Every structure is written in structure tokens, then in C-alpha cells.
There are 2 protein chains.
Amino acid sequence: MPDRKNRRPACTIDVVLLTAVGSQLAVLLCRAPEGRDKWVIPWDAQRPAETMEATATRIAKAASIGEPAWLEQVGAFGDGRRHPSDAEISVAYAGLAPMGTPSPVGGVYAWFTLSDVPQLAPRQRQILDSALAAIRIRMDQSPVAFRLLPQMFTLTELQQMYELLLGKRLHKASFRRALQAAWLVEPTDEWRSEGRGRPAQLYRYAPRKRRPAQRGIRLDLLSS
Amino acid sequence: MPDRKNRRPACTIDVVLLTAVGSQLAVLLCRAPEGRDKWVIPWDAQRPAETMEATATRIAKAASIGEPAWLEQVGAFGDGRRHPSDAEISVAYAGLAPMGTPSPVGGVYAWFTLSDVPQLAPRQRQILDSALAAIRIRMDQSPVAFRLLPQMFTLTELQQMYELLLGKRLHKASFRRALQAAWLVEPTDEWRSEGRGRPAQLYRYAPRKRRPAQRGIRLDLLSS
DNA sequence: GACATTAGTCACATGACGTGACTAATTCGC
DNA sequence: GCGAATTAGTCACGTCATGTGACTAATGTC
């Protein structure tokens, strides 16, 4: 919700909201007031007495539905590259919305799969790339992938989410072994039949004990 | 070099400069203009047409001697905590200076070992802690420790530098094994005798091939 | 009921890591 | 000199994590 009444803020907050659409990552963009087919990453200026994170949450709420399931700062960007606001610097946040979050009505906002992202202002392009890189790095530390899934999910869905976020394929057996070692999920009594093939058991995110000294789970696991 | 003539900049650049002093990490602080014994992390406002990184380099240059051997952004901080400048937000950079960099003359700047850091403004304390955490995280990705050492060094010195930055002891054999696997150093013909004990071979930083698919060296190696 | 399809598991090879003990080269005290 | 102390450097072995292919299990389709 870029507010065009103020001119040239000193600093903007930009929010890269991601979700899963089918088997692709998608980012939420906002139609620019000028130009029919111009799109921007949602941004706004901080309001008085508002923390940066509060600003980011407000932008995310206005843009999508409800609060993002995860939100973290990516960094500050500037260095001369152009930004829709002409602000000197922009502080970027990355957020995740559960898959299935609908494109908000009105046509002002829309999800774009990563390969379909239209041309952005140079600084916003840089922000998008950095946000993706930041998420990939933080996946090792914190269980981010669950934020994109519903409460209950199959292990295959979870693995696909990891593959989406990491941008590479994982090996089934290795993935499940690592998952067990991390004590992150627990099985439920329910099963889901997806048409053909054996039904899959549903799991729920339930991180267990052993937080201390828990060395980040490494999912380098290659190929299929 | 906090410039007190401007009032209340919108955004400051703060630079956490680290070096090794003896067997401790030390941070460069600047004497606050008011109050004899108040110290601050060096900061300044951006100048017109200056990138953030250029500002950080300028601050580092003014504070210590020459350019820092490494400089990277940590993030943007604000959220109400107090800062010497009263600025809304501060963008923090972390930098490294080779060990042996002298305390600049004049008494305005001085190195403080981490355990001797005096009380700082709350936001600057947060910045310092985050900068340390950021360096520890990035050590895995990029060979930061070498920036603190001279061109040639012994493997024991290198190991001590890693221990300093990671804040924990490493096992000699494991450390060298991991180092070999990473192809980061090569031996020279020279040896150094340090008084008692067998002389140590000198090594030089020389990252070799195999950059692709090089999975970050994990140095979890515990105890002595 | 044979087959395709998807879920879930097993077993083995390979490599990384934690650890203690070993050898090597020097200085120091006598 | 000569042995003890000290520091450098290596080895070997046990354990655990990871890469990988093949296996079993349960369902739908024809």
C-alpha cells in the first residue's frame, strides 16, 4: 500500500511475501498507481511511533489476508538503485503466507510465480533476490517450511515444500531420516488418499525437546 | 566520528569493528563527546550521494587505520531502543581489522576486549551482539578468519582465530582435517620457531578450485 | 487379478566428526 | 651432553550422518 500523498520518505519498509502456488513459489505484488502493467513489491513508510516490524506486519496484513505466518528482516538496501519511492534506503522484510492464501480481491494485489515476475525497479529486484537467499539460509536454523503448509500435511508435501524453498530436489529416504532426527513432526491418526497410489499418513508440526545443542539439520541431500 | 552539528538524522550507519587482541576479540569504540567515560560504537549519517557501504568504509577508515579487511551489513535496527543519535533507525555493519592494528592515537578511539566493553546505549548493545552473531554465522560460508591474520600464519594461530570467532575450543586433529578438505590454505617453505617447542610451518591463504558444490565446512568440533 | 502409482522402509557404502594417543622437533635446566 | 618439558603435526579407530538403490505396502485402473 504505497501511500502517494507523502513525497520521498527517508526510508521505506518493503515486504516480500511468499507462498506456494502449485509446485512453484510465488510472490505477492501490488499494482503501481501509475502505469497499468507495472507492479511493485508492497512498501510503505514507517508511521510515527511504529517499529519497523510493526510496519512490515501492517503492510502484509493490508496486502494479503491476516498476519503472515512468519516475518523476518532481510536487511537494508540503497546504494543508488532506483526504488518506486525514491527513498534513500529501504529495509526489506521477508514473509510467508500459508499455501492456499487467495489473491486478495480487487485486482490491486496478485501472486506471481517466480518465473513470471514482471520487471521491477532495480532495488526491488535486488530485494526480492536477497529475500529468497535469506529464506534459504534461515531454513537450516528455523523450521520455516511448515509456515507454508496447513496444520496437517503428508511427508511428501513437506518434502516438496523444502524442495521449493531450497530450489533443489531431495532424496526421500534421506529427507525422512533427517526429519526423524530433528524431532519436528508427529504422526496423526489420519490418512489421506490422493486418488491413485497408497494413502499417505498425515503429520502435524510438533517440535519436541532437545532444542539445546541441536545442530542445524543439514539438508544437502541431493537428487531424487 | 559522530558529527554533532547535524541534529537527529533519519538514519545512521554504525560500524562494529573487530580485531584480535592477544587471545581475545576486541571492538573499537569511540569516546562520546559528552561525558568522559562514555563510549559509543562509531557511527555517522550518510552523506549525499554516498552509498551505505561507502559510509561504513569512511567511518572505519576514520576510526582505525586503513580500510577494514572485511565489511558486511548486519541489518537495520530501531524499534524504539535508544541510540546516541536519536535517529529512528540505524544500519549496522560489521568489519574486521587485521590483528596488530594499533589503537589510533589521540585517545578518541580505543579497542575494548569483549569482556571489558562499557555500557552502551541499548540499541548499540543490540547491534554489537547481532554483529558478533552475524560473523559467527558467516564464518561457515566465507573464510573470514583469514582477514584477522597476517599473510603468513601457523595453523595453530589460524585455529586460535577460529576459536576466538566461534567462541569455543576446537580439536586440533579435526580442525586440520576439515581445513584440508576445504582447500583453503597452502604451506610455504618457511617455518617459525616460537621459543620452546617444535617450530611450526607457515601457511598462506590460497583457496583452490572446487568452489562449486563446496558445502560449507562445519566446524562444530568440540573441546580441546 | 495384473499392473501402474504412490507411500513408506531397509540396508549398505561412503564420508564426516569426535577423540585419544602417538611421533617429531625444538628449548630449558642441569 | 642429556633428559624433561613444550609445542607441532599425524594416525587410527569408533561413531554418526549422508547418499543411494532397492525393497515392501496399499491403493486405483483396466
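The values are calculated or read from the model by the stated rules, or taken from the named source; none is laboratory data. On a predicted model such as this, the values are computed, not experimentally measured, just so you know. Cβ placement follows ideal geometry from the backbone for every residue including glycine, while neighbour counts extend to all protein chains displayed.
Quick notes
- Condition met for A:THR154 (more than 12 Å from DNA strand D (Cβ to nearest atom), surrounded by 12 or more Cβ atoms within 10 Å (Cβ to Cβ), away from chain B (no Cβ under 14 Å) and farther than 24 Å from A:VAL21 by Cα): no
- Residues in the stretch A:78-118 that are buried (at least 16 other Cβ atoms within 10 Å of the Cβ), part of a loop (DSSP other than H, G, I, E, B) and within 14 Å of another protein chain (Cβ to nearest Cβ): 5 in all.
- When restricted to residues that are within 16 Å of DNA strand D (Cβ to nearest atom) and either of a type in the set (S, T, N, Q) or away from chain B (no Cβ under 14 Å) (or both), the stretch A:119-144 contains 2.
- Per-region count, the stretch B:49-77, residues at the interface with another protein chain (Cβ under 9 Å from one of its Cβ atoms), at negative phi and either outside any strand (DSSP E or B) or in contact with a Gly (Cβ under 6 Å, 6 or more places away or on another chain) (or both): 5
- Filter result for B:ILE65 (at pLDDT below 95 and either aliphatic (A, V, I, L, M) or under 13 Å from the mean Cα position of the chain (by Cα) (or both)): yes
- Verdict on B:ARG147 being more than 16 Å from DNA strand D (Cβ to nearest atom), in a helix (DSSP H, G or I) and more than 14 Å from every other protein chain (Cβ to nearest Cβ): yes
- Residue count for the stretch A:73-86 under the criterion of being touching a residue at least 12 places away in the same chain (Cβ under 8 Å), small (Gly, Ala, Ser) and more than 19 Å from A:ALA54 (Cα to Cα): the result is 2.
- Per-region count, the stretch A:89-107, residues under 20 Å from A:ILE13 (Cβ atoms) and modelled with pLDDT under 90: 1
- Hey, B:LEU29 surrounded by 18 or more Cβ atoms within 10 Å (Cβ to Cβ), under 23 Å from B:LEU165 (Cβ atoms) and not β-branched (Val, Ile, Thr) or not: yes
- Within the stretch B:163-174, restricting attention to residues that are part of a helix (DSSP H, G or I) and surrounded by fewer than 20 Cβ atoms within 10 Å (Cβ to Cβ), the residue that is farthest from DNA strand D (Cβ to nearest atom) is B:LEU166.
- Close contacts from the stretch A:187-204, counting a first residue that is surrounded by 11 or more Cβ atoms within 10 Å (Cβ to Cβ) and a second that is in a loop (DSSP other than H, G, I, E, B), with Cβ to Cβ under 9 Å and a gap of 6+ residues or different chains, come to A:TRP191/A:PRO199; A:ARG192/A:PRO199; A:PRO199/A:SER193; A:ALA200/A:SER193; A:ALA200/A:GLU194; A:ARG204/A:GLN151.
- Checked against the criterion of being free of Cβ contacts under 8 Å to residues at least 12 places away in the same chain and either in contact with a Phe, Trp or Tyr (Cβ under 6 Å, 6 or more places away or on another chain) or under 17 Å from B:LEU17 (Cα atoms) (or both), the stretch B:166-173 contains not a single residue that satisfies it.
- Residue selected from the stretch A:1-21 under the condition modelled with pLDDT of 85 or more and out of contact with any helix residue (DSSP H, G or I) (no Cβ under 8 Å at 6 or more places or on another chain), by the criterion nearest to A:ARG58 (Cα to Cα): A:THR12
- Residues that are more than 12 Å from DNA strand C (Cβ to nearest atom) and either in contact with a Lys or Arg (Cβ under 9 Å, 6 or more places away or on another chain) or at pLDDT below 90 (or both) within the stretch A:153-168 comprise A:GLU163, A:LEU165, A:LEU166, A:GLY167, A:LYS168, listed in sequence order.
- Scanning the stretch A:186-214 for residues that are at pLDDT 50 or above and in a loop (DSSP other than H, G, I, E, B) yields A:SER193, A:GLU194, A:GLY195, A:ARG196, A:GLY197, A:ARG198, A:PRO199, A:ALA206, A:PRO207, A:ARG208, A:LYS209, A:ARG210.
- Inside the stretch A:33-47, residues that are assigned to a loop (DSSP other than H, G, I, E, B) and at pLDDT 90 or above make up a count of 5.
- Residue within the stretch B:17-28 that is away from every other protein chain (no Cβ under 14 Å) and part of a loop (DSSP other than H, G, I, E, B) present: yes
Yes/no per residue for (1) touching a residue at least 60 places away in the same chain (Cβ under 8 Å); (2) among the hydroxyl-bearing types (Ser, Thr, Tyr); (3) within 30 Å of B:PRO207 (Cα to Cα):
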site: B:ARG58; (1), (2), (3): no, no, yes
site: B:PRO104; (1), (2), (3): no, no, no
site: B:TRP111; (1), (2), (3): yes, no, no
site: B:ILE135; (1), (2), (3): yes, no, yes
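- So B:MET161, is it in contact with a helix residue (DSSP H, G or I) (Cβ under 7 Å, 6 or more places away or on another chain), more than 29 Å from B:ARG36 (Cβ to Cβ) and within 14 Å of chain A (Cβ to nearest Cβ): no
- Selection from the stretch A:183-200 of residues that are hydrophobic (A, V, I, L, M, F, W, C) and more than 9 Å from DNA strand D (Cβ to nearest atom): A:TRP183, A:LEU184, A:VAL185, A:ALA200
- Of all the criteria given as (1) more than 16 Å from DNA strand C (Cβ to nearest atom); (2) surrounded by 15 or more Cβ atoms within 10 Å (Cβ to Cβ); (3) farther than 30 Å from B:CYS11 by Cα, the one not satisfied by B:ASP140 is (1).
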